[in-house]
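Below is one structure, written out as structure tokens; comments come after it.
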Amino acid sequence: MAEVLRFDIGPEGRFATAPLLVIQAGGAVWVRPIAPGAARVQGRMAVADLRALIGYIVDTEGLLTITEADLAARIAQATAAGGPMFRMADAATTEIALTLQGTRHGVAFHGLAFAAQLFPGIEAVQRLRRIELHLLRVAEGLRGG
């Protein structure tokens, strides 16, 4: 089955090899374990739940309209207008890739939790943060937590 969703929060570079969450088109899922060295959690998501998840990400929060370039431009605009400076040396990178009908849309953002607090008026940052939090809840639920 083809991969539909890949999600991670952590150091850059881990996304390709050990993402937090992977969901395939048929509903097969893999979740990275909390304990280092433990086996990844494997399971299955009901097709209806997968459709609801994609609907939330795409229709409700508009992931397909969020791009790294747009996020950077909006933050630069807010900073130039007297807003706070956004510089994060040591923060996690949120990475989300969604593949629908053979087309992949991916977004990577360094320091999303911090940016969401600094820039409450940038809707694209807030939407990406809501997607991130939702996917964290999904991963935790799939882990059985």
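No value in this document is a laboratory result; all are computed from the given coordinates. Here the structure is a predicted model, which is why all the values come from computation and not from measurement. Reconstructed Cβ throughout: ideal geometry from the backbone, glycine too, with neighbour counts over all protein chains shown.
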Task: Sequence-distant residues sharing a close amide H with R44 (under 5 Å, placed H) - done: V29
Open item on the list: If you take every residue apart from A39 with its C-beta less than 15 Å away from the C-beta of A39, what net charge results, scoring Lys and Arg +1 and Asp and Glu -1?
Closed with: +3
Open item on the list: Just to be sure I understand the model, the point goes 7 Å from the Cα along the line to the Cβ. What's the resulting R137 to A2 distance in nm?
Closed with: 2.9
Task: Over the chain: helical MRE at 222 nm, DSSP H runs n ≥ 4 each giving -39500 (n - 2.57), nearest 500 - done: -11000 deg cm²/dmol
Task: Hydrodynamic radius by Kirkwood, which averages 1/r over all alpha carbon pairs of region 3-143, in angstrom - done: 15.8
Task: Spin-label pair A52/R130, simplified geometry with 7 Å Cα→Cβ offset, distance in nm - done: 1.7
Task: Distant-in-sequence amide H partners of V4 (H built 1.01 Å from N, under 5 Å) - done: I23, Q24, A25
TODO: Return the sequence-ordered ³J(HN,Hα) values of region 106-120 in whole Hz as given by the Karplus equation 6.51 cos²θ - 1.76 cosθ + 1.60 applied to θ = phi - 60°, using x for Gly and Pro.
DONE: x, 9, 10, 9, 8, x, 4, 4, 5, 4, 5, 6, 6, 10, x
- [ ] In whole Hz, with x marking every Gly and Pro, tabulate ³J(HN,Hα) for region 2-9 from phi via Karplus 6.51 cos²θ - 1.76 cosθ + 1.60, θ = phi - 60°.
- [x] 7, 6, 9, 9, 9, 9, 7, 10
Task: FRET efficiency, Q77 to Q117 (Cβ-Cβ, R0 22 Å, nearest 0.05) - done: 0.80
Task: Surrounding net charge for A124, when Lys and Arg each add one and Asp and Glu each subtract one, Cβ distance under 15 Å - done: -1
TODO: List every residue whose amide H lies under 5 Å from the amide H of L100, counting only residues 5 or more places away in sequence or on a different chain, with H placed 1.01 Å from N in the peptide plane.
DONE: H105
